[in-house]
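Just below is one structure, and these are the notes that go with it.
The values are calculated or read from the model by the stated rules, or taken from the named source; none is laboratory data. Computed from a prediction, not measured in an experiment: that's the story for all the values here. Heads up, the Cβs are rebuilt from the backbone with ideal geometry, glycines too, and the neighbour counts pull from every protein chain shown.
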Amino acid sequence: MFLPQIKQCGAMTVFLVTQHKLKLITNNMTQIKVGIVGAGLSGLVAAKELSKKGADVTVYEKLSVPGGRMRTENVGGWNLDVGFQVLLTAYPYLQKHINLSELNLHKLEAAATIFRSGKTTAVGDPFRTRNIFWKTLFSDIGSIKDKWLIFKLKRFVDRYSIDELFELENMSSIKFLYNYGFSERIIDRFFKPFFGGIFLENELTTSARILLFVFKMFSNGSAAIPENGIGELASKLVKDLEEVSFHYNSEVEKVLDETIYLKNSSEVSFDYVINTIPNYEESQNKSLWEGCYCIYFEHVSPRLITPARIGLNANQNRLINNIFYPSSLEKPESKKDKELVSVTVLSSKGLDEKGLITKVKEELNSDFSLDNLNFIQLYHIPYALPKSGIPKNNVSFQENTKTFEVGDFLMNGSQNAACKVGEIVAKHILK
């Protein structure tokens, strides 16, 4: 039921009561105007938190859809994520800001198929994946001690909160794994291809804090992809932001003194500006980011990997890091006799796009026995994941700041951090 509006004049406070929210506006304070550059997770969560408290929020996005690095396109009848990505259901701030139960999530198996020297090995969590225990136990990815250490590592991360994990000694993941006692064999055959695909770098120089955090999230939840693709996360947020103004196809040229200058020569001033697409040192410095390539192919059924699980390439000196079949989760009726496979490549090794596609096809044939592939799409994502020298799980802003440059790069490269930093900057402005 809608309540009537209650207004009092003079020095009294004005209360505007609606079914959805309570706005507090005094006669000497106007509604806060906030401009947000970028409709990725950080910007959308900030918009959500600000608008529900009555702020006037406008979002500028250079693309025609929201999502930023997490968006989905339809190409050739398939829904293609712009870079193979999963969400981790255990991320606390993702859970807080997006009702995952309202998304039709397709969960991946807590397992992987490892390809090496013409052989395949299935490994996984025996507590969550059927018929995987003996395959994992007797697999050649590592010794019995290595497999015991993985179980021990799960118990280790369970003892720490997320905040506590980010206070542990900051060392490289590779150093941590060796110090923990893992053999070179399991590091080369499992940890490098698996976490290399997450970190987007093969040598595991990424901080062990990130490794332990991600390991904890995989242990406590599931990896999943929404029906219709990872872009559904942003779409769900946007649907809930009825009072936020969105301007798509609106590329921002610069932000100066709380004024947003658009490439169409228009400009708009705000009380606060949240820029989620900052230009480092006046240019997008690639040394601060990890990049990757995602290449999609189609082939005639059946799939090489039947369950919804990732395929890791443990062969040395290869372009391909991993493969995954999105068609194991959903398939359009028009594609009932076809399969869609995504291929993740961490470095092109100097090849142009045509040469890269040719070389990837050769590796798919030699390492995975896949041929007769129909190329669908290639995505080069140069700014896929921010590098975190000393990753953390919190951030603060100076009191009188009016323009903010925010994103997961302020804490750690994850969907969780993207949501959390969006919430933090909104609370700072409202405070």
Among (1) hydroxyl-bearing (Ser, Thr, Tyr); (2) assigned by TED's automatic domain parsing to the domain that holds ALA426; (3) not in a loop (DSSP other than H, G, I, E, B), SER265 falls short only on (3)
So which residues in the stretch 402-419 are more than 16 Å from GLY389 (Cα to Cα) and either touching a His at 6+ places or on another chain (Cβ under 9 Å) or of a type in the set (A, V, I, L, M, F, W, C) (or both)? PHE404, VAL406, ALA418, CYS419
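Can you name the residue in the stretch 210-242 that is among the small types (Gly, Ala, Ser) and under 13 Å from the mean Cα position of the chain (by Cα) and, of all such residues, is surrounded by the fewest Cβ atoms within 10 Å (Cβ to Cβ)?
Among those that are among the small types (Gly, Ala, Ser) and under 13 Å from the mean Cα position of the chain (by Cα), it is ALA224.
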Go through (1) more than 30 Å from ILE429 (Cα to Cα); (2) more than 20 Å from the chain's Cα centre (by Cα); (3) surrounded by 18 or more Cβ atoms within 10 Å (Cβ to Cβ); (4) in contact (Cβ under 8 Å) with a residue 40 or more places away in the chain one by one and return the number of the condition SER117 breaks. (3)
Checking ASN202 against (1) under 23 Å from the mean Cα position of the chain (by Cα); (2) modelled with pLDDT under 95; (3) over 22 Å from LEU346 (Cβ atoms), which single condition isn't satisfied? (3)
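Looking at the stretch 15-26, can you tell me whether even one residue there is assigned to a loop (DSSP other than H, G, I, E, B), modelled with pLDDT under 95 and closer than 26 Å to LEU256 by Cβ? Even if it seems obvious, please write down each step before you answer.
Let us first name the residues in the stretch 15-26 that are assigned to a loop (DSSP other than H, G, I, E, B), namely 18-21, 26.
Next, only the ones that are modelled with pLDDT under 95 stay: 18-21, 26.
From what is left, the residues that are closer than 26 Å to LEU256 by Cβ are none.
Within the stretch 15-26, none of the residues are assigned to a loop (DSSP other than H, G, I, E, B), modelled with pLDDT under 95 and closer than 26 Å to LEU256 by Cβ.
Taking strands (runs of 3 or more DSSP E) that fall entirely within the stretch 86-203, which contain at least 1 residues that are in contact with a Leu (Cβ under 8 Å, 6 or more places away or on another chain) and not hydrophobic (A, V, I, L, M, F, W, C)? Before you say what the answer is, go through the steps one by one.
Values: elements: 105-107, 111-116, 119-124.
Where strands (runs of 3 or more DSSP E) fall fully within the stretch 86-203 and carry at least 1 residues being in contact with a Leu (Cβ under 8 Å, 6 or more places away or on another chain) and not hydrophobic (A, V, I, L, M, F, W, C), they are 105-107, 111-116.
Here is a list: LEU153, LEU105, LEU137. Which entry is surrounded by fewer than 21 Cβ atoms within 10 Å (Cβ to Cβ), over 16 Å from ILE310 (Cα atoms), touching a strand residue (DSSP E or B) at 6+ places or on another chain (Cβ under 9 Å) and assigned by TED's automatic domain parsing to the domain that holds PRO92?
On the way: LEU153 fails: touching a strand residue (DSSP E or B) at 6+ places or on another chain (Cβ under 9 Å); LEU137 fails: touching a strand residue (DSSP E or B) at 6+ places or on another chain (Cβ under 9 Å).
LEU105 is the lone residue from the list that is surrounded by fewer than 21 Cβ atoms within 10 Å (Cβ to Cβ), over 16 Å from ILE310 (Cα atoms), touching a strand residue (DSSP E or B) at 6+ places or on another chain (Cβ under 9 Å) and assigned by TED's automatic domain parsing to the domain that holds PRO92.
Could you pull out the residue among GLU290, GLU253, GLU258, GLU267 that is acidic (Asp, Glu), over 23 Å from the mean Cα position of the chain (by Cα) and under 25 Å from ALA417 (Cα atoms)?
Numbers: GLU290 fails: over 23 Å from the mean Cα position of the chain (by Cα); GLU253 fails: under 25 Å from ALA417 (Cα atoms); GLU267 fails: under 25 Å from ALA417 (Cα atoms).
That would be GLU258, the only listed residue that is acidic (Asp, Glu), over 23 Å from the mean Cα position of the chain (by Cα) and under 25 Å from ALA417 (Cα atoms).
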Can you name every residue in the stretch 390-431 that is aliphatic (A, V, I, L, M), more than 19 Å from ILE210 (Cβ to Cβ) and surrounded by fewer than 19 Cβ atoms within 10 Å (Cβ to Cβ)? LEU430
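Looking at the stretch 285-378, what strands (runs of 3 or more DSSP E) fall wholly within it and have at least 1 residues that are assigned by TED's automatic domain parsing to the domain that holds ASN104 and more than 24 Å from SER117 (Cα to Cα)? Before you say what the answer is, go through the steps one by one.
Values: elements: 289-300, 310-313, 320-324, 338-345.
Filter on the stretch 285-378 gives 289-300, 338-345.
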Of all residues in the stretch 204-230, how many are touching a Ser or Thr at 6+ places or on another chain (Cβ under 7 Å), assigned to a loop (DSSP other than H, G, I, E, B) and either touching a residue at least 60 places away in the same chain (Cβ under 8 Å) or aromatic (Phe, Trp, Tyr) (or both)? 6
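Filter the stretch 162-194 down to residues that are of a type in the set (Gly, Ala, Ser) and surrounded by fewer than 17 Cβ atoms within 10 Å (Cβ to Cβ) and give me whichever is farthest from PRO391 (Cα to Cα). Walk me through how you get there before you give the answer.
Taking the stretch 162-194 and keeping what is of a type in the set (Gly, Ala, Ser), we get 172-173, 181, 183.
Now narrow it down to the ones that are surrounded by fewer than 17 Cβ atoms within 10 Å (Cβ to Cβ): 172, 181, 183.
Working: SER172: 11, GLY181: 24, SER183: 26 Å.
Only one residue fits best here, namely SER183.
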Consider the stretch 59-71. How many of its residues are part of a strand (DSSP E or B) and in contact with a helix residue (DSSP H, G or I) (Cβ under 7 Å, 6 or more places away or on another chain)? 1
Is at least one residue of the stretch 231-239 assigned by TED's automatic domain parsing to the domain that holds ASN394, without any contact (Cβ under 8 Å) to a residue 60 or more places away in the chain and basic (Lys, Arg)? yes
